[in-house]
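Reading through the structure tokens given below for one structure.
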Amino acid sequence: MNNKAIGVFDSGVGGLTVVRALLETLPNEEIVYFGDTARVPYGTKSPSSILQFADENTKFLISKNVKLIVVACNTATAIALPKLQADYKVPVIGVIEPGADKAAASTINKKIGVIGTVRTVKSGAYSTAIEKIDPSISVFSTPCPLFVPLIEENWVDHEVTSIVIREYLDSLIGEGIDTLVLGCTHYPLISEAIRKCYPGIKIVDSAVSTALMVKKLLDKNDINRVAELTFSDRISIYLSDFSETFQELGERILKQKIIDNLHKVDVQDIS
Ligand code: DGL
């Protein structure tokens, strides 16, 4: 038993898609979330900046006394996960391995498409992870750098977003893929829009598989939380910048009011 919270971070609102899966899969656990909204997007930044941000975010969560950290950001997972795992004593879990597992289990024709930020796609982290599971699978990847700003702007149902989706994805779909990995935790917010453009494609994201991986780790180390909590006591959300769209999108993802759970942190205080 361990009643400490689970720490989760992302560059912005996207990591809440992982938080939703954690809240559903682990009904007793408490979550401390950090969204680095002052420095979003990460996906177009250099690896050294991403390493620095990931390290600062981890330190911040550790200062909140968490028992485990989930890097709910594919970009930070691709660039910083091995370093965080080596540098910190608390277990650190990323989102790429769980997403790769799910995609490999889902494809029938062994052709998987992966979309993500520029940095995630350039890292080749998904191709490497999928190849490790099944070398006979072909992976086709494309970066979609406009998706995160469109989502952070809450243009998830906007026709401009559908035009951008087709612009980025038509050629990837043309490769004959049967499974598409949303390799960015923001993208589940536009999964319906993607599905409307390409109804036959299986869309996979890593939220639920990541939550199951966390559950396994808690069970294995016997560090589950025992006491039940109400929703408002289960989640604290720290942001390096406040925006109304974060609140709107956050409430849409978590299907709960979050205004009383939001706290502001100055980036200078964590860097
Ligand atoms: N949600 C993040 C990811 O999964 C980061 C997006 C960004 O900040 O560019 O990659």
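The values are calculated or read from the model by the stated rules, or taken from the named source; none is laboratory data. All values derive from a computational prediction rather than experimental measurement. When we count neighbours, we look across all protein chains shown, and the Cβ atoms used for this are built from the backbone with ideal geometry, even at glycine. Note: areas computed on protein heavy atoms with side chains; ligands, DNA, RNA excluded. Shrake-Rupley method; radii C 1.70, N 1.55, O 1.52, S 1.80 Å.
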In whole Å, what is the distance between the alpha-carbon centres of the range 235-255 and the range 75-130? 25
Trypsin sites (Lys or Arg not before Pro) restricted to the range 27-83 and DSSP loop, no more than 14 other C-beta within 10 Å: LYS64
Determine, for each peptide in 5-11, 29-35, the mean count of other beta carbons within 10 angstrom over its residues, then list the peptides with the highest first. 5-11, 29-35
Ranked highest first by the average count of other Cβ atoms within 10 Å around their residues, in what order do 198-205, 121-128 fall? 121-128, 198-205
Cross-link candidates for LYS89: which lysines have Cα within less than 20 Å, leaving aside residues fewer than 8 places away along the same chain? LYS4, LYS59, LYS64, LYS67, LYS215, LYS216, LYS220
At what distance in nm do the modelled label points of LEU229 and ASN65 sit from each other, each positioned 7 Å from its Cα along Cα→Cβ? 1.2
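Apply 1/(1 + (r/R0)^6) to the Cβ-Cβ distance of LYS202 and GLU244, taking R0 = 30 Å, and write down the FRET efficiency to the nearest 0.05.
Numbers: r = 34 Å, r/R0 = 1.14.
Efficiency, rounded to the nearest 0.05: 0.30.
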Residue separation times 0.36 nm, minus the C-alpha to C-alpha distance between SER136 and SER46: what's the value? 29.2 nm
Quick tally, 1.4 Å probe accessible area for ILE130, ILE79, sorted with the most first, runs ILE79, ILE130
Contact order normalised by length for the range 1-100, with contacts defined as Cα pairs under 8 Å and 6 or more residues apart; what percent is it? 33
With all protein chains modelled, accessible area of GLU248 [1.4 Å, Å²]: 100
If each part is reduced to its alpha-carbon centroid, the range 44-59 and the range 136-177 end up apart, in Å, by 25
